[in-house]
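Notes follow the structure.
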Amino acid sequence: MLQPGNIRMRFQWTYAILPASARAAINLAAAIIAFFPTFVAAATSPDTIPDLSAGGAGWQNTHNDFILPSSGPGPVTWDPAHPFVGNGGGRGPVTLRVADLTNPILMPWVRDVLKKYNDDALAGKEQRSPTSLCRANGVPGMILLRNEPLYIAQTATEVTFLYQSDHQFRHIYLNVPHSEKVKSSWYGESVGHYEGDTLVIDTIGLTPKAPVDYYLTPHTDQLHVIERYRRIGDGKTLEVTFTVEDPGAFTMPWTASQRYREVDNAPMQEYVCAEGEPLAPRATRSDF
């Protein structure tokens, strides 16, 4: 039986009598094998993770509604006959949202729900969004939170989204699968991973109590959202593109996006909001 020492001696003798080209090939293979662990370590180094925290600055979104895709199915938007004008729109008096019911993504029951909201809006009855009721916006509704900034904290195992609006937050657990049984909740269960400069988030288990958007588009517990976050341009802009599918509410998957601008020197402020507060009775005079 050959002992390790004999094997080493036989290899050295064989290597010595090989042609120069063969020895060069062996040397190259050995160098690659030796370098591979270093390469893997570098590829997974924290230095390669995109910094979405903006050094602790906040991110503030730039659009009242989801940004429509350049092509393909998109989100619910306003009825062309009743354009939406939000606060600070600069295009005239503020209007209520009236959804475009011709959007092909809508199943009949979803269209019927939206028609009731439209009728109320056209009659001057304001619809209460989750924000106005001090409730969680859910996913992807939280992408529409505009008046208060978003802060992002990153660790090796988790990304946390902190919203100044009512101090809402999301946990995104990295490089893990979804749970076998996911309990329905306001923000569902989010798992994520990095693809180059992009954070990819996969969310399921979302409660139907939170609508998809500010048109109050309903959904079922089959809602599935995939978001992709990355910094673009000079790094002062955060872009999220996302895909939504729900075979119980939508006839097909649809996509949209949103952009955030970096807000410098914006430490998180206290924001107090009690659920249902806008509808709570208020005293007309002081008790003392």
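What follows is calculated from the coordinates using simple rules that are stated; it is not laboratory data. Just so we're clear, the structure is a prediction, and the values are computed from it rather than from any experiment. We place every Cβ from the backbone using ideal geometry, glycine too, and count neighbours over all the protein chains shown.
Couple of notes before you dig in:
- The stretch between HIS167 and THR220, if pulled fully straight at 0.36 nm per residue, gains 16.5 nm over its current Cα-Cα span.
- Potential extension, MET252-ASP120 segment - 0.36 nm per residue separation minus Cα distance: 44.8 nm
- Additional length obtainable on full extension of the chain from SER184 to GLN269, 0.36 nm per residue less Cα span: 27.6 nm
- Two-site FRET efficiency, THR243 against GLU158, from Cβ-Cβ distance with R₀ of 22 Å, rounded to 0.05: 0.45
- Averaged over residues, the count of other Cβ atoms within 10 Å places the peptides 142-152, 99-109 in the sequence 142-152, 99-109, highest first.
- Computed from the C-beta positions of SER132 and LEU101 and an R0 of 22 Å, the FRET efficiency is 0.45 to the nearest 0.05.
- Kirkwood Rh and Cα Rg combined as Rg over Rh, evaluated for the range 48-278: 0.95
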